[in-house]
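Data block below; observations after.
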Amino acid sequence: MKQVVQRILPVAMACLLYGGSGFAGEAAGIVRMEFDLGDHARNKEVRLWIPYPVSSRDQDISAIRVSGDFAESGVYTDRIYQTPILFARWAPGAQTRRLTLTFRAVRREVERRDFPAKDGPWDPRDYALWLAPTSLGPVDGPVAELAREVIRGKTTVLARGRDLVLNPPQQGPPLNTFGYPYAEVGGEPLDFYDPVSLQYTFTVYKELP
């Protein structure tokens, strides 16, 4: 069950909490995320980063509560993209490592039917940060040759991976995405796709009208 929960996390969060423009309806619910990292080596420090929910034009986030037996916690943003992050740390020797994040989300339904046939004119300066080369995505040499072949005949704006350094900075390599929680044990990253390595549950309780 935990494997299923982890696989659907980004989709569930996106469907409930994130989106574009134009209101058609509304849904509300309580989101609960529970983490248990107690199975890892007790003599090592454990650090956990979780995508932190915030209100926007299309959603309202309230009643955020964080509880657990961590030694330290806080809410930060990364220094470049301002991605909201909930961080927690357990000191070496901790007998248990648990954290629970709950919040209420009101999500306004989004309907978009007027997709343009082609992208409008953009100033390249508007997206230069997102298309800049990174250690995970160089833009010259064989990469440039392959990119030109892939986009041959295409004119839409294409996305590219990012070098995302969390806050506080992780000891592992930069991330290409932060759609899942991320954790390190003794500075070694856990596999966030593996439900045994990084155990947590994700539950949404729907509020009735």
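Since every read-out is calculated from the coordinates, none of them should be taken as a lab result. In this text, all values refer to a predicted model and were calculated from it rather than measured experimentally. As a convention, Cβ positions derive from the backbone with ideal geometry for all residues, glycine included, and neighbour counts pool all protein chains shown.
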Quiz item: Between Thr203 and Glu45, what length comes free when the chain is fully extended (0.36 nm per residue of separation minus the Cα-Cα distance, one decimal in nm)?
Solution: 54.1 nm
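Give me the extension gain from Glu26 to Asp119: residue separation times 0.36 nm, minus the current Cα-Cα distance, reported in nm with one decimal. Walk me through the intermediate numbers first.
Values: separation 93, 0.36 × 93 = 33.48 nm, distance 2.94 nm.
The Glu26-Asp119 span can extend by a further 30.5 nm.
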Quiz item: In nm, what is the difference between 0.36 nm times the number of residues separating Arg98 and Tyr193 and their Cα-Cα distance?
Solution: 32.3 nm
Exercise. Determine, from the Cβ-Cβ distance of Glu111 and Tyr81 and an R0 of 25 Å, the FRET efficiency 1/(1 + (r/R0)^6), rounded to the nearest 0.05.
Key: 0.35
